[in-house]
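Okay, so here's the structure we're looking at.
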Amino acid sequence: MKSNAPVHVHHVGPCAIVSRQEIVERAEAYLREHMDGPVSLSRLSHFVGLSERALRNAFYLVRGIGPKRCMLLERLRKVRSELRHSDCHRTVTSVATRYGFYELGRFASVYKQAFGETPSQTLRRKRRPLRAGQPSNERGQSHACTS
């Protein structure tokens, strides 16, 4: 099955046909607008007009990961970006909770798994400039969730 094969969308019109790529892009745009916490799969599938199963299939075909994983990774990337560019008065807790991470121990574990360092290491590294040739500890994993 090609990732750009047409999909019937129910709420856009009686016979609306859009590509899986377009569906995923609409879902990602919705997720970016609702970064303050997790969005339920049922809410996201309702927004794009597909069943949960069809939405999962579209994500796997287009991005290689499911929508829930995509949501999580996008929120983690936002936290990381903010930690890297924050002022000295920001804390990991304030940034994490802004993006809907309230179980901070679990958040730190998932963050470290994704980026190879703890959130506090990211924040400290930002405050202390890297020396030339010092590894950034970034794994370089590119999870294709959003551009």
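Please treat every number below as a calculation from the coordinates, not as lab data. Remember, predicted model here, so these are calculated numbers, not experimental data. Here Cβ is always computed from backbone atoms with ideal geometry, including for glycine, and neighbour counts include all displayed protein chains.
With +1 on the Cβ of every Lys and Arg and -1 on the Cβ of every Asp and Glu, and nothing else charged, how large is the dipole of the range 69-127 about its Cα centre, in debye rounded to the nearest 20?
On the way: 14 positive and 5 negative charges, 32 e Å.
The dipole magnitude comes to about 160 debye.
According to the square roots a ≥ b ≥ c of the eigenvalues of the Cα gyration tensor, what is the shape class of the range 69-127, taking rounded for a/c under 1.5, prolate for a/b larger than b/c otherwise, and oblate for the remainder?
Numbers: a/c = 1.56, a/b = 1.38, b/c = 1.13.
Prolate, since a/c reaches 1.5 and a/b exceeds b/c.
Please give me, ordered by residue number, the chymotrypsin sites (Phe, Trp or Tyr not before Pro) of the range 56-121 that lie in loop per DSSP and have at most 13 other Cβ atoms within 10 Å.
Within the range 56-121, the qualifying chymotrypsin sites (Phe, Trp or Tyr not before Pro) (loop, at most 13 other Cβ atoms within 10 Å) are Tyr102.
Report ³J(HN,Hα) in whole Hz for each residue of the range 90-101, in order, from the Karplus equation J = 6.51 cos²θ - 1.76 cosθ + 1.60 where θ = phi - 60°; Gly and Pro get x.
3J(HN,Hα) across the range 90-101, in whole Hz: 7, 10, 4, 4, 5, 6, 4, 5, 4, 9, x, 9.
With each label point set 7 Å from Cα along the Cα-Cβ vector, what nm distance links Thr118 and Thr97?
Result: 1.9 nm between the two label points.
Among Val79, Gly116, Gly100, whose Cα sits farthest toward the positive end of the charge dipole of the range 69-127 (+1 at Cβ of Lys/Arg, -1 at Cβ of Asp/Glu, about the Cα centre)?
Of Val79, Gly116, Gly100, it is Gly116.
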